[in-house]
Amino acid sequence: MSKIGVFVCHCGENIGGTVDCEKVAQEAAKIPGVEVSTDYKYMCSDPGQTIIKNAIKEKGLDGVVVAACSPRMHESTFRAACAEACLNPYMCEIANIREHCSWVHEKGEATTQKALDLVRMQVEKVKKDLPLSTIKVPVTKKALVIGGGIAGIQAALDIANAGHKVILVEKEPSIGGHMAQLSETFPTLDCSQCILTPRMVEVAQHPNITLYTYAEVEGLEGFIGNFTARIRLKARSVDLEKCTGCGMCTTKCPTKKVPSEFNALMGLRTAIYVPSPQSVPNKPTIDKEHCVYYKTGKCKLCEKVCPTGAITFDAPDEIITEEVGAVVVCTGFDVAPTSEFSEYGYGRYKDVITGLQFERLASASGPTMGEIRRPSDGTVPKKIVFIACAGSRDAAKGRPYCSKICCMYTAKHAMLYQHKVHDGESYVFYMDIRAGGKNYDEFVRRAIEEDGVNYIRGRVARVYERDGKLIVKGVDTLLGGEQVEIEADMVVLATAGVANKGAEDLAQKLHISYDKYNFFAEAHPKLKPVETNTAGIFLAGACQSPKDIPDTVAAASGAAVKVAALFSKDQLLREPVVAVVNRMPPPVFSTCVGCSLCVDICPYSAITMENIKDRAGNVIKTVASINPGLCQGCGTCVAFCRSKSIDLQGFSNEEMYSSVMAALHE
Amino acid sequence: MDKLKAKLIELFQSGEITLAIGYKQGTRGPRPFFCRSASDVEQMIFSNDYQPNLAVYLTKKEVVKDEKVAIVCTISALRSIAYLARENQIGQSQYKIIHLSPNDELMIFRSPWDIDPYIEEIPSTPSEDDRRVIEMLDAMTSEERWAWWAAQFSKCIKCYACRAACPMCYCTRCIVDNNRPQWIDPWASPLSNMEWQINRVMHLAGRCVGCGACGAACPEGIPVHLLNRKILDNIEENFGITAGLAPREGAVLNTFKPDDKENFIK
């Protein structure tokens, strides 16, 4: 006969306010096999845990049910308490009477009854529970960082400085990401390249970091501590070992009019190119789409002028595999497709540009050497309008979220403009100014008060051209909804930050979840902001949601600490919630008939077929076998196995059946 | 037919086989025939319409152990053998697979994998009578259909003849024999009869070849095979898998392709 203890938690008013906990405890005491049943205000508190521990020791309990909050919150707390009292921790079950009961129902008899039913289900389950022990798996102490923007750079450096090997994969020819494109940064107005490029160089020189630029992650298999990544090294047609970065090829390349991605399509580059003077590695790549040789089969001018013979035409992409223990995803963001802003004339009028394009105009390394000039005729705009929230906070455009960085960079843009064009006039149309952050609001006030930027609260209805001027028609809601019309020389849209192209694809390859805007999802919005729901895969930066540089760097360091913590042990302890194929004495050996359909169905490739042999080595039977290191306990094979030869430890058929029957029969 | 018999006699005489599984005339029609000598081959009869599906014996150790077996297959039995090979239940060249095509051509398949090109050309279709019943059931409301099946299953005596007749029901321990926990009550009752049939049909989804042996075997005349047939139709509609053809890239319900429609998840 079982000796089970039931411990009902009030969780202050959280449960106690809705459920009659005392009654639940009294009724639970009547369930056959329940030795002791009691309630307490906070079971997770030290005295609460002591009640459980004492009961286990004094009454000799062989199973514990804690009726409290979700097992996600305190299952580990109570299991540890049981272990301290020498009860196998997996003989402790949680009846979730908070999230599943008190929080979702009104106070009343029925709610108390449901709480009791939940307790009853777990009591029946714990009767069938078997003691389990944790699984130990080795850890590969090498991290994969995907994306070489500031998030990836920071994460890679932090992990590398903690003494672990890092593989940094960047899909573009250079690391640096969007931050390398920025002119100055808020709220200090220090030059973006000046603070970023030392970090980029540090990455390239760090003995613990292996850098793969112009490479993409093709697939990721395995599990925490033991991933295998397949990485495609795209053929850049230049041998990085031989290339000295002299730049002869880029000067001689006949294709000179390719819009430069680094300059946000504002400047031009050659077909063999280095994205920017400060690229890391500062060695060229051939853009096969525009290269004359790749298009027509003739040219090879770069090959002729290269003094070291580093040009390698027609080299295939290379696929390499790397064993890693953890992954940090830092794939960043993109700006919203500008085709969405037909009312603002983007694409129709050359002088309507995005915030990112303005960054390039204002940057010393940009197409105008840092002078603010109109893309159409190269004149200095005397009147400029900034439109905040272009695409953000706009449910009609399917993006109700705030892009977070636009208020600040728009203030910065207006400020930079005023600093560079002393007689210029600048206007900012805004919905709200969101300047939360250290020295942020002061920065915006400085733009308004010291630099004389005109802030107009209201939205812009449309932008159209008249006599070479851009007419911006909007409304000033602070002046009682008065219509405003500004004859501007240039308009800058603070376009929304969106998930990077291919984010959904990558999420599926990595088996991590993502939200409806294709931003990657964190495991918990508050308490697990850099973890994903897939153990061993972490997030940092704007691939999760639009973030500014300080937040991105903080998140990257946070993710790096998580990785370092994971690598601090040689072995990883895993929950024993894994599937097992039954084994029994001869002549049956196992009820598995070896149909092998579970091999195909397992999403983690954890199942293989195993031969059961006699002593002479003859195969008696071929049955499925599950690798406990690879199994994630999803239970798909359990549901699929027709003969019920597979069971999930901790959630076995018998346990679940008893639990369901307890719910149905009472 | 004569070619078939001649071939079997030759195989027996050369010692290549010790057992030929085929059909002979029984009291109420064709019945399985376990022929063990050249002199008995004379009794063998064959037509592609015959039931039961003889492939069911190939996974029964008590029948085939220590024997050199030739099996005379209907088209349905060929389909079953192709599936059994995919599920690792029969070996590469374990059995002599003999077939007489509808235009009386004698075919011997050296391996179950050679069957596909032949059966690919022949669709698995229900009989006219079955099609009529399916259409009648399709026209019903779901309540009417439930009532119709409930009435049918009220006759079930849980003899498991449907299971015994099915080549794909080869588990050594069926879910109904599992008593820890006892998912399905062992006795015949409206609930447990329904549970058994739903389980049987779902366990065959994507594996059933539509031979109809289960329905033919039912002593109570319950057309249980129509449930399987309906699922074959659904699979063809939703996944484009031709009924009765063992899919090369894994079965329908246990594989996933990145371009599978996921409109039900988001």
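The values are calculated or read from the model by the stated rules, or taken from the named source; none is laboratory data. Remember, it's a predicted structure, so these values are computed and weren't measured experimentally. All Cβ positions, glycine included, derive from the backbone under ideal geometry; neighbour counts span all protein chains shown. The protein model used for the area step is the full one, side chains on, heavy atoms only, and it has no ligands, DNA or RNA in it. Shrake-Rupley method; radii C 1.70, N 1.55, O 1.52, S 1.80 Å.
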Based on alpha-carbon atoms only, what is the radius of gyration of chain B relative to the globular estimate 2.2 N^0.38 Å? 1.06
State the answer as a single residue: which of B:46, B:12, B:133 lies farthest towards the positive end of the charge dipole of chain B, with beta carbon charges of +1 for Lys and Arg and -1 for Asp and Glu, about the Cα centre. B:12
Here the relative contact order (percent) of chain A, from C-alpha pairs under 8 Å and at least 6 apart, is 13 percent
With θ set to phi - 60°, apply the Karplus curve 6.51 cos²θ - 1.76 cosθ + 1.60 along segment A:476-484 and write out the HN-Hα couplings as whole Hz, x wherever there is a Gly or Pro. 9, 6, 7, 9, x, x, 6, 6, 10
Just B:128, B:16, B:42 to compare: in a GNM of chain B, with alpha carbon springs under 10 Å, which one fluctuates most? B:128
For a label point 7 angstrom out from the Cα of residue A:442 toward its Cβ, which stretches of segment A:180-219 have the backbone nitrogen within less than 17 Å? A:185-190
Rg over Rh [alpha-carbon atoms, Kirkwood Rh] for the protein assembly as shown: 1.06
Test item: B:198-209 mean partner chain Cβ contacts at 10 Å: 1
Residue A:537 neighbourhood, Cβ < 14 Å, K/R = +1, D/E = -1, net charge 0
Could you work out the helix-only [θ] at 222 nm for chain A, with each DSSP H run of four or more residues adding -39,500 (n - 2.57) and the total divided by the number of residues, to the nearest 500 deg cm²/dmol? -8000 deg cm²/dmol
Across bins of 10 angstrom width beginning at 0, how are the C-alpha pair distances of segment A:246-397 distributed, in whole percent? 9, 28, 28, 24, 11, 1
Loop-only GluC sites (Glu not before Pro) in segment A:418-480, please: DSSP not H, G, I, E or B, and at most 10 other Cβ atoms within 10 Å. A:450
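Could you give the length gained on full extension between residue A:483 and residue A:376, defined as 0.36 nm per residue of separation minus the Cα-Cα distance, in nm? Please report the intermediate quantities before stating the final value.
Values: separation 107, 0.36 × 107 = 38.52 nm, distance 2.79 nm.
Result: 35.7 nm gained on full extension.
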For the ranges A:87-100, B:182-195, what's the packing order if you count other beta-carbon atoms within 10 Å of each residue, average per peptide, and put the highest first? A:87-100, B:182-195
Under Stokes-Einstein, segment A:12-148 at 25 °C and 0.890 mPa s, with its Kirkwood radius over C-alpha pairs, diffuses with a coefficient in µm²/s of 153 µm²/s
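Can you tell me the length gained on complete extension of the stretch residue A:296 to residue A:84, counting 0.36 nm per residue apart and subtracting the Cα distance?
On the way: separation 212, 0.36 × 212 = 76.32 nm, distance 7.43 nm.
Extra length available between residue A:296 and residue A:84 comes to 68.9 nm.
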Can you give the local net charge around residue A:486? Use residues other than it whose beta-carbon is closer than 15 angstrom to its beta-carbon, Lys and Arg +1, Asp and Glu -1. -1
Charge sum, other residues only, whose C-beta stays under 15 Å from residue A:85's C-beta, Lys/Arg counted +1 and Asp/Glu -1: 0
Length-normalised contact order for segment A:248-305 - Cα pairs under 8 Å, 6+ apart - percent: 35 percent
Buried accessible surface, B vs A, both sides, probe 1.4 Å, in Å² to 100, equals 2000 Å²
Can you find, among A:591, A:624, A:602, the residue farthest towards the positive end of the dipole of segment A:579-648? Put +1 on the C-beta of Lys and Arg, -1 on that of Asp and Glu. A:591
Using a Förster radius of 25 Å, what is the FRET efficiency between residue A:288 and residue A:605 based on their Cβ-Cβ separation? Nearest 0.05, please. 0.15
nm² value of the averaged projected area, convex hull over the Cα atoms of segment A:579-648: 4.5 nm²
Using a Gaussian network for chain B with springs between C-alpha atoms less than 10 Å apart, which of these wobbles most: B:210, B:26, B:91? B:26
Determine the order of B:132, A:79 by accessible area, beginning with the largest, at a probe radius of 1.4 Å. B:132, A:79
Top of B:35, B:159, B:211 by mean-square fluctuation, Gaussian network on chain B, Cα under 10 Å: B:159
Beta bridge orientation in chain A: antiparallel %, DSSP, nearest 5: 55 percent
In whole Hz, what ³J(HN,Hα) sequence does segment B:29-39 give by Karplus (6.51, -1.76, 1.60; θ = phi - 60°), x for Gly and Pro? x, x, 9, x, 9, 9, 8, 10, 8, 4, 6
So what is the calculated 222 nm ellipticity per residue for chain B, using -39500 (n - 2.57) for each DSSP H run with n of 4 or more, over all residues, to the nearest 500 deg cm²/dmol? -10500 deg cm²/dmol
Would you please put A:377-385, A:138-146 in order of how densely packed they are, using the mean number of other Cβ atoms within 10 angstrom per residue and starting with the highest? A:138-146, A:377-385
Which cysteines in chain B lack any other cysteine whose Cβ sits under 4.7 Å from their own Cβ? B:35, B:73, B:156, B:159, B:171, B:174, B:208, B:211, B:218
With the dipole of the protein assembly as shown worked out from charges on the C-beta (+1 for Lys and Arg, -1 for Asp and Glu) around the Cα centre, which of A:413, A:130, A:244 lies farthest toward the positive end? A:244
At 4 °C and 1.567 mPa s, grab the translational diffusion coefficient of segment A:130-270 from Stokes-Einstein with a Kirkwood Rh over Cα pairs, rounded to a whole number in µm² per second. 73 µm²/s
Please give the residues from segment B:81-95 for which the solvent-accessible area of heavy atoms, probe 1.4 Å, is smaller by at least 20 Å² with all protein chains in place than with the chain isolated. B:87, B:88, B:89
For residue A:240 and residue A:189, what does the FRET efficiency come to when R0 = 30 Å and r is the distance between their Cβ atoms, rounded to the nearest 0.05? 0.25
Once phi is turned into ³J(HN,Hα) by the Karplus curve 6.51 cos²θ - 1.76 cosθ + 1.60 with θ = phi - 60°, what whole-Hz value does each residue of segment A:568-575 show in order, with x for glycine and proline? 6, 10, 7, 10, 10, 8, 10, 4
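With contacts defined as alpha carbon pairs under 8 Å and 6 or more residues apart, what's the relative contact order of chain B in percent?
16 percent.
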Give the calculated FRET efficiency between residue A:568 and residue B:2 to the nearest 0.05, with a Förster radius of 60 Å applied to their Cβ-Cβ distance. 0.15
Return the distance in nm (one decimal) between the two label points of a simple spin-label model at residue A:533 and residue A:364, each offset 7 Å from Cα along Cα→Cβ. 4.8 nm
If you count, for every residue in A:592-600, the Cβ atoms of partner chains within 10 Å of its Cβ, what is the mean? 6
Placed amide H near residue B:68: partners under 5 Å, 5+ positions off or other chain: B:18, B:19
